[in-house]
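Take a look at the structure set out below.
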Amino acid sequence: EPEVTQTPSHQVTQMGQEVILRCVPISNHLYFYWYRQILGQKVEFLVSFYNNEISEKSEIFDDQFSVERPDGSNFTLKIRSTKLEDSAMYFCASSWGTGRGYTFGSGTRLTVV
Amino acid sequence: KNEVEQSPQNLTAQEGEFITINCSYSVGISALHWLQQHPGGGIVSLFMLSSGKKKHGRLIATINIQEKHSSLHITASHPRDSAVYICAVASNTGNQFYFGTGTSLTVIP
(Lines give C-alpha, C1' and ligand atoms only; values in the text may rest on other atoms or scores of the structure.)
Protein backbone atom coordinates (compact mmCIF):
# COMPACT_ATOMS: atom_id res chain seq x y z
CA GLU A 1 0.00 0.00 0.00
CA PRO A 2 1.37 3.47 -0.86
CA GLU A 3 2.89 5.39 2.03
CA VAL A 4 3.77 8.92 2.94
CA THR A 5 7.43 8.88 3.94
CA GLN A 6 8.97 11.34 6.37
CA THR A 7 12.62 11.87 7.11
CA PRO A 8 14.32 12.02 9.49
CA SER A 9 12.30 10.16 12.10
CA HIS A 10 14.01 12.13 14.85
CA GLN A 11 15.95 15.38 14.64
CA VAL A 12 17.73 17.22 17.42
CA THR A 13 18.72 20.80 16.77
CA GLN A 14 20.19 23.73 18.68
CA MET A 15 17.91 26.63 19.46
CA GLY A 16 18.22 29.28 16.78
CA GLN A 17 19.15 26.84 14.02
CA GLU A 18 17.10 26.22 10.91
CA VAL A 19 15.66 22.78 10.24
CA ILE A 20 14.09 21.25 7.17
CA LEU A 21 11.67 18.38 7.60
CA ARG A 22 11.14 16.27 4.54
CA CYS A 23 8.15 14.37 3.27
CA VAL A 24 7.51 12.28 0.18
CA PRO A 25 3.75 12.24 -0.40
CA ILE A 26 1.93 9.54 -2.33
CA SER A 27 2.73 10.06 -5.99
CA ASN A 28 -0.74 10.77 -7.42
CA HIS A 29 -1.87 12.93 -4.51
CA LEU A 30 -2.52 16.60 -5.11
CA TYR A 31 -3.02 18.06 -1.63
CA PHE A 32 -0.31 18.19 0.99
CA TYR A 33 -0.45 19.07 4.66
CA TRP A 34 1.75 19.62 7.70
CA TYR A 35 0.57 19.12 11.27
CA ARG A 36 2.23 19.46 14.64
CA GLN A 37 1.66 17.63 17.90
CA ILE A 38 3.37 18.95 21.00
CA LEU A 39 3.94 16.17 23.53
CA GLY A 40 0.76 15.48 25.46
CA GLN A 41 -1.33 17.85 23.38
CA LYS A 42 -3.66 17.47 20.44
CA VAL A 43 -2.65 17.48 16.80
CA GLU A 44 -2.69 20.98 15.29
CA PHE A 45 -3.06 21.93 11.67
CA LEU A 46 -0.21 24.02 10.26
CA VAL A 47 -0.66 24.38 6.52
CA SER A 48 -2.16 22.89 3.39
CA PHE A 49 -0.61 23.11 -0.06
CA TYR A 50 -2.17 22.65 -3.47
CA ASN A 51 -1.12 23.54 -6.99
CA ASN A 52 2.26 24.75 -5.80
CA GLU A 53 0.94 27.24 -3.33
CA ILE A 54 -0.38 27.45 0.21
CA SER A 55 -4.15 27.02 0.21
CA GLU A 56 -4.74 27.39 3.95
CA LYS A 57 -2.63 28.06 7.02
CA SER A 58 -3.26 28.30 10.72
CA GLU A 59 -2.25 31.04 13.15
CA ILE A 60 0.68 28.87 14.18
CA PHE A 61 2.14 29.02 10.69
CA ASP A 62 3.86 32.39 10.93
CA ASP A 63 6.91 33.80 9.17
CA GLN A 64 9.11 31.33 10.98
CA PHE A 65 7.69 28.55 8.83
CA SER A 66 7.73 27.92 5.12
CA VAL A 67 6.81 25.05 2.84
CA GLU A 68 8.07 24.04 -0.53
CA ARG A 69 7.62 21.35 -3.12
CA PRO A 70 11.03 21.70 -4.71
CA ASP A 71 11.07 18.86 -7.21
CA GLY A 72 7.61 17.42 -7.72
CA SER A 73 8.09 14.59 -5.26
CA ASN A 74 9.32 16.08 -1.99
CA PHE A 75 7.31 18.37 0.28
CA THR A 76 9.35 20.19 2.87
CA LEU A 77 8.67 22.21 6.01
CA LYS A 78 11.37 24.70 6.94
CA ILE A 79 11.49 26.13 10.44
CA ARG A 80 13.79 29.12 10.78
CA SER A 81 15.46 30.12 14.03
CA THR A 82 14.00 27.25 16.05
CA LYS A 83 12.72 27.84 19.56
CA LEU A 84 12.40 25.39 22.45
CA GLU A 85 8.62 25.43 22.01
CA ASP A 86 8.98 24.14 18.44
CA SER A 87 9.82 20.74 19.92
CA ALA A 88 7.03 18.48 18.72
CA MET A 89 6.12 15.65 16.42
CA TYR A 90 5.56 16.96 12.91
CA PHE A 91 3.30 14.99 10.62
CA CYS A 92 3.00 15.26 6.88
CA ALA A 93 -0.12 14.06 5.08
CA SER A 94 -1.36 13.94 1.53
CA SER A 95 -4.64 13.34 -0.24
CA TRP A 96 -5.86 13.05 -3.82
CA GLY A 97 -8.89 15.24 -3.23
CA THR A 98 -9.96 17.63 -0.52
CA GLY A 99 -9.82 15.29 2.43
CA ARG A 100 -10.05 12.23 0.19
CA GLY A 101 -7.64 9.31 0.33
CA TYR A 102 -6.04 10.97 3.28
CA THR A 103 -2.72 9.37 4.35
CA PHE A 104 -0.42 10.44 7.17
CA GLY A 105 3.30 9.94 7.41
CA SER A 106 4.75 8.42 10.56
CA GLY A 107 6.10 11.75 11.74
CA THR A 108 9.38 13.48 12.54
CA ARG A 109 10.10 14.10 16.19
CA LEU A 110 11.86 17.45 16.46
CA THR A 111 13.72 18.21 19.67
CA VAL A 112 15.10 21.73 20.10
CA VAL A 113 17.76 22.01 22.79
CA LYS B 1 -12.42 27.20 22.22
CA ASN B 2 -12.52 23.60 21.00
CA GLU B 3 -14.12 23.09 17.64
CA VAL B 4 -14.06 19.33 18.22
CA GLU B 5 -14.90 17.62 21.49
CA GLN B 6 -14.36 13.94 22.15
CA SER B 7 -15.54 11.68 24.93
CA PRO B 8 -14.43 9.87 26.89
CA GLN B 9 -10.83 11.07 27.22
CA ASN B 10 -9.71 7.72 28.56
CA LEU B 11 -11.33 4.33 28.24
CA THR B 12 -10.35 0.95 29.61
CA ALA B 13 -12.20 -2.12 28.37
CA GLN B 14 -12.00 -5.86 28.74
CA GLU B 15 -11.18 -7.83 25.63
CA GLY B 16 -14.35 -8.61 23.71
CA GLU B 17 -16.29 -5.58 24.88
CA PHE B 18 -18.17 -3.27 22.53
CA ILE B 19 -16.64 0.21 22.60
CA THR B 20 -18.07 3.57 21.61
CA ILE B 21 -16.15 6.82 21.27
CA ASN B 22 -18.07 10.03 20.65
CA CYS B 23 -17.20 13.20 18.78
CA SER B 24 -19.11 16.48 18.62
CA TYR B 25 -18.12 19.44 16.52
CA SER B 26 -19.24 23.04 16.25
CA VAL B 27 -18.07 24.11 12.79
CA GLY B 28 -19.48 23.46 9.35
CA ILE B 29 -17.65 20.55 7.83
CA SER B 30 -17.02 18.94 4.50
CA ALA B 31 -15.88 15.69 6.08
CA LEU B 32 -15.05 14.06 9.40
CA HIS B 33 -12.10 11.75 9.91
CA TRP B 34 -11.41 9.14 12.52
CA LEU B 35 -7.71 8.56 13.08
CA GLN B 36 -5.75 6.06 15.13
CA GLN B 37 -2.50 7.04 16.78
CA HIS B 38 -0.26 4.21 17.88
CA PRO B 39 1.92 4.36 21.01
CA GLY B 40 4.95 5.07 18.80
CA GLY B 41 3.22 8.21 17.51
CA GLY B 42 2.29 7.23 13.96
CA ILE B 43 -1.17 8.20 12.71
CA VAL B 44 -3.40 6.05 10.54
CA SER B 45 -6.58 7.27 8.89
CA LEU B 46 -9.45 4.89 9.71
CA PHE B 47 -12.47 6.55 8.14
CA MET B 48 -13.55 9.62 6.27
CA LEU B 49 -17.28 10.37 6.56
CA SER B 50 -19.53 13.01 5.12
CA SER B 51 -22.81 11.21 5.85
CA GLY B 52 -24.27 7.96 7.13
CA LYS B 53 -22.19 5.04 8.24
CA LYS B 54 -19.07 3.16 7.23
CA LYS B 55 -17.79 -0.23 8.34
CA HIS B 56 -14.34 -1.71 8.10
CA GLY B 57 -13.82 -5.02 9.81
CA ARG B 58 -14.68 -4.59 13.49
CA LEU B 59 -14.81 -0.81 13.20
CA ILE B 60 -17.98 1.15 12.49
CA ALA B 61 -18.21 4.92 12.14
CA THR B 62 -21.41 6.92 12.00
CA ILE B 63 -22.16 10.58 11.54
CA ASN B 64 -25.25 12.70 12.10
CA ILE B 65 -24.74 15.94 10.20
CA GLN B 66 -27.81 17.66 11.70
CA GLU B 67 -26.67 16.95 15.25
CA LYS B 68 -22.97 17.55 14.44
CA HIS B 69 -22.05 14.28 16.06
CA SER B 70 -20.11 11.18 15.13
CA SER B 71 -19.39 7.89 16.86
CA LEU B 72 -16.70 5.29 16.40
CA HIS B 73 -17.61 1.78 17.50
CA ILE B 74 -15.30 -1.17 17.97
CA THR B 75 -16.93 -4.57 18.18
CA ALA B 76 -15.23 -7.50 19.95
CA SER B 77 -12.37 -5.29 21.14
CA HIS B 78 -8.87 -6.73 21.26
CA PRO B 79 -5.68 -5.60 23.04
CA ARG B 80 -4.21 -4.61 19.67
CA ASP B 81 -6.97 -1.97 19.43
CA SER B 82 -5.23 -0.11 22.27
CA ALA B 83 -4.33 3.29 20.85
CA VAL B 84 -5.44 6.90 20.84
CA TYR B 85 -8.44 7.54 18.60
CA ILE B 86 -8.72 11.04 17.22
CA CYS B 87 -11.67 12.75 15.60
CA ALA B 88 -10.78 15.46 13.07
CA VAL B 89 -13.02 17.60 10.91
CA ALA B 90 -12.30 19.31 7.61
CA SER B 91 -14.00 22.68 7.60
CA ASN B 92 -16.28 23.53 4.73
CA THR B 93 -14.74 27.00 4.46
CA GLY B 94 -11.39 25.81 3.25
CA ASN B 95 -8.74 23.23 3.78
CA GLN B 96 -8.48 23.73 7.53
CA PHE B 97 -8.60 20.75 9.85
CA TYR B 98 -9.59 20.76 13.50
CA PHE B 99 -8.62 17.93 15.81
CA GLY B 100 -10.11 16.53 18.97
CA THR B 101 -7.84 15.82 21.91
CA GLY B 102 -8.18 12.09 21.37
CA THR B 103 -9.54 9.16 23.33
CA SER B 104 -6.95 6.87 24.85
CA LEU B 105 -8.22 3.30 24.68
CA THR B 106 -6.70 0.43 26.60
CA VAL B 107 -8.08 -3.05 26.03
CA ILE B 108 -7.11 -5.53 28.72
CA PRO B 109 -6.79 -9.22 27.88
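The values are calculated or read from the model by the stated rules, or taken from the named source; none is laboratory data. If you're wondering where the values come from, they're calculated on a predicted model, not measured in any experiment. Because the Cβ atoms are built from the backbone with ideal geometry, glycine has one as well, and the counts that use them run over all protein chains shown. What goes into the accessible areas is simple: the full protein's heavy atoms, side chains included, and nothing from ligands, DNA or RNA. Shrake-Rupley method; radii C 1.70, N 1.55, O 1.52, S 1.80 Å.
Please give the solvent-accessible surface of A:TRP96 in Å², to the nearest 10, using a probe radius of 1.4 Å with every protein chain present.
140 Å²
Please work out the C-alpha center-to-center distance from region B:56-109 to region A:1-75 and express it in whole Å.
24 Å
Taking a temperature of 10 °C and a viscosity of 1.306 mPa s, what whole-number D in µm²/s does Stokes-Einstein yield for region A:46-91 with Rh from Kirkwood over alpha carbon pairs? Before the final figure, lay out the partial values.
Details: Rh = 11.6 Å.
Result for D is 137 µm²/s.
Spin-label point model (7 Å from Cα, Cβ direction): what's the B:GLU15 to A:SER73 distance in nm?
4.3 nm
Over all alpha-carbon pairs in region A:1-94, figure out the percentage whose distance exceeds 21 Å.
On the way: 1180 of 4371 pairs.
The answer is 27 percent, as a whole percent.
Starting from the amide H of B:THR101, placed 1.01 Å from N in the peptide plane, find each other amide H under 5 Å away whose residue is 5 or more places distant or on another chain.
B:GLN6
Count, for each residue of A:40-51, the Cβ atoms from other chains sitting within 10 Å of its Cβ, then give me the mean as a whole number.
Details: counts 1, 3, 11, 12, 3, 8, 1, 2, 5, 1, 1, 0.
For this peptide, the per-residue mean of nearby foreign Cβ atoms is 4.
Per-residue Cβ counts within 10 Å, from other chains only, averaged over A:26-38: what number is that?
Values: counts 0, 0, 0, 0, 0, 1, 0, 2, 0, 4, 0, 6, 0.
Per residue, the average neighbour count from other chains is 1.
Of A:MET89, A:MET15, B:MET48, which has the most accessible area and how do the rest follow, probe 1.4 Å? Could the numbers behind the result be given before it?
On the way: A:MET89 15, A:MET15 115, B:MET48 40 Å².
So the residues, ranked largest to smallest area, are A:MET15, B:MET48, A:MET89.
Quick one: Kirkwood hydrodynamic radius for chain B, alpha-carbon pairs, angstrom, one decimal?
Numbers: mean 1/r = 0.0721 Å⁻¹.
The Cα-based Kirkwood calculation yields 13.9 Å.
How large is the accessible surface of A:ARG109 in square angstrom, using a 1.4 angstrom probe and rounding to the nearest 10?
Surface accessible to solvent at A:ARG109 totals approximately 90 Å².
For A:VAL67, what accessible area in Å² do you get when you roll a 1.4 Å probe over the heavy atoms of the protein chains, rounding to the nearest 10?
Approximately 30 Å² for this residue.
Chains B and A: buried accessible surface, both sides, probe 1.4 Å, rounded to 100 Å²?
Values: alone 5820 and 6460 Å², together 10680 Å².
The contact between A and B buries close to 1600 Å².
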